[in-house]
Amino acid sequence: TAALHATKIEIGDDEPCVVGENVVQSCVPDQSTSTAGGTQTKLSAATNLGKCICGAGSFALPHVFLDEGVLGGTLAMTTCGLLAAITMQSINRSRYTVSRIENVEPPTSYVALTELALGGSISKVVFALTLAASLGVCSTYIVFVGQTLAS
């Protein structure tokens with residue numbers, strides 16, 4: 001594997017990085033992007049999230065419209081979209097609220113947010129639930145692909 005054949009390179013007083021592991025090709029920082037503010041705009045982040053949601057949700061759309069009809073399906077999709085937007089805004093507000101209260105950088109994951117807001121034991125529950133949801137989605141894709149190839 002790449003990790004077995006990787007070489008460590010040390011630059012100045014920084015931590016060593018491993019060339020060849022996780023596609024790291026150089027330890028020289030890229031000066032074209034700023035690490036402090038991130039590299040995505042709000043539009044690109046929203047577009048990326050939309051592509052993820054549409055990619056996973058598009059498998060269920062024909063079934064929704066078949067059962068609910070055009071009007072019901074459109075209403076269901078609009079309601080789900082509004083609820084998703086409200087939820088994402090709430091999570092984002094929570095990130096900044098907890099970062100101001102704890103005087104730390106805003107957390108970058110559900111688990112980190114939960115750890116700051118509710119403590120370590122609850123964050124482990126959130127991690128387990130996130131892991132279970134991810135495994136469920138992956139299992140569903142495997143079943144979907146298997147059934148599609150079989151038919």
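The values are calculated or read from the model by the stated rules, or taken from the named source; none is laboratory data. What you see is a predicted model, and the numbers here were worked out from it, not measured in a lab. Neighbour counts are summed over all protein chains in view; Cβ atoms, including those assigned to glycine, are modelled from backbone coordinates with ideal geometry. Note: accessible area is taken over every heavy atom of the protein model, side chains too, but ligands, DNA and RNA are not part of it. Shrake-Rupley method; radii C 1.70, N 1.55, O 1.52, S 1.80 Å.
Within the set of pairs 6+ apart or on separate chains, which have a first residue in the range 102-128 that is closer than 25 Å to Ala45 by Cβ, a second that is part of a loop (DSSP other than H, G, I, E, B) and not small (Gly, Ala, Ser), and C-beta atoms under 8 Å apart?
From the range 102-128, the pairs are Leu113/Pro107; Glu115/Pro107; Leu116/Val104; Leu116/Pro107.
Name the one entry in Gly72, Gly50 that is open to solvent by less than 50 Å² (accessible area, probe 1.4 Å) and at pLDDT 90 or above.
Just one listed residue meets the conditions, Gly72.
If you go through the range 109-124, how many residues are open to solvent by 80 Å² or more (accessible area, probe 1.4 Å) and not charged (D, E, K, R)?
Result for the range 109-124: 3.
Could you grab me the full set of residues in the range 80-101 that are open to solvent by 90 Å² or more (accessible area, probe 1.4 Å) and either hydrophobic (A, V, I, L, M, F, W, C) or farther than 18 Å from Gly50 by Cα (or both)?
If the condition is that a residue be open to solvent by 90 Å² or more (accessible area, probe 1.4 Å) and either hydrophobic (A, V, I, L, M, F, W, C) or farther than 18 Å from Gly50 by Cα (or both), then Leu82, Leu83, Ile86, Arg93, Tyr96, Arg100, Ile101 are the ones that fit.
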